[in-house]
């Protein structure tokens with residue numbers, strides 16, 4: 001079997017126009033189709049598709065502490081890209097936290113107009129190497145778990 005890959009993501013939003021502007025600006029998406037209560041956006045270079053849907057009274061702002069989506073994590077190419085995105089968010093007046101370093105790389109967390117949590121991340125060398133090992137080496141589930149514990153311990157992180 002092939003590995004599962006994300007085909008698209010659909011988010012429920014309260015204002016289609018506002019959310020479309022936000023995602024087109026922040027993620028360089030363009031509108032592919034408008035079905036009235038659903039807008040389909042695409043990143044032309046990668047084919048990543050994001051749909052925005054409005055369902056009557058959507059129940060208010062997003063809350064990651066409720067069952068469902070916690071946040072959407074996206075990969076950034078470099079720390080320089082994170083800095084550029086942070087400057088872009090500041091210019092937009094968006095809600096975000098400054099780039100911060102963690103045990104496994106750098107993160108920039110932000111919220112869309114409905115409060116949906118997004119994160120751009122750049123993994124450090126240790127995490128990049130661990131992902132490459134996982135991708136390139138046939139390991140059993142048990143071996144993967146052992147290796148993950150080793151990488152976490154090297155970073156001073158305990159599960």
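Please treat every number below as a calculation from the coordinates, not as lab data. Just so it is clear, the structure is predicted and the values come from calculations on it, not from any experiment. Positions of Cβ are backbone-derived with ideal geometry, glycine not excepted, and every protein chain shown enters the neighbour counts.
Sort 20-26, 75-81 for me by packing, meaning the mean count of neighbouring Cβ atoms within 10 Å per residue, highest on top. Please report the intermediate quantities before stating the final value.
Details: 20-26: 18.0, 75-81: 12.9.
Answer by packing, highest mean first, reads 20-26, 75-81.
Express in whole angstrom the spacing between the alpha-carbon centres of the range 26-49 and the range 122-147.
32
Could you give the length gained by full extension between residue 157 and residue 63, i.e. 0.36 nm per residue of separation minus their alpha carbon distance, to one decimal place?
Values: separation 94, 0.36 × 94 = 33.84 nm, distance 2.69 nm.
Working it through step by step, the gained length comes to 31.1 nm.
What's the angle, to the nearest 10 degrees (0 to 90), between helix 125-136's Cα axis and the longest principal axis of the chain?
The angle comes out at about 90 degrees.
Taking 25 Å as R0, compute the FRET efficiency from the Cβ-Cβ separation of residue 149 and residue 124 and round it to 0.05.
After rounding to 0.05, the efficiency reads 0.90.
Out of these labelled values of Cα extents along the principal axes in Å, (i) 37, 30, 29; (ii) 49, 39, 34; (iii) 48, 38, 28, which was calculated from the coordinates shown here?
(ii)
Go ahead and estimate [θ] at 222 nm for the chain from helices alone: -39,500 (n - 2.57) per DSSP H run with n ≥ 4, summed, over the residue count, rounded to 500.
On the way: 4 runs with 52 residues, N = 159.
Taking each H run of at least 4 residues, the total per residue is -10500 deg cm²/dmol.
Please work out the FRET efficiency for the pair residue 79 and residue 6, using the Cβ-Cβ distance as r and a Förster radius of 22 Å; give the result to the nearest 0.05. Walk me through the intermediate numbers first.
On the way: r = 24 Å, r/R0 = 1.11.
That gives a FRET efficiency of 0.35.
Using a Gaussian network for the chain with springs between C-alpha atoms less than 10 Å apart, which of these wobbles most: 123, 113, 44?
So, out of 123, 113, 44, the one fluctuating most is 44.
Order these by the 10 Å Cβ neighbour count, fewest first: 62, 48. Mind showing how you got there, number by number?
Working: 62 21, 48 17.
Arranged by neighbour count, lowest to highest, 62, 48 become 48, 62.
Relative to the first principal axis of the alpha-carbon coordinates of the chain, what is the inclination of helix 16-27, with its axis defined by its Cα atoms, in degrees from 0 to 90 and to the nearest 10?
Between helix and principal axis, roughly 40 degrees.
Just to verify a number: FRET efficiency for residue 103 and residue 135, C-beta to C-beta distance, R0 = 25 Å, to 0.05? Intermediate values should be presented prior to the final figure.
Values: r = 21 Å, r/R0 = 0.83.
So the FRET efficiency works out to roughly 0.75.
So how far apart, in nm, are the two label points at residue 45 and residue 32 if each is 7 Å from Cα heading toward Cβ?
Output for this residue pair reads 1.8 nm.
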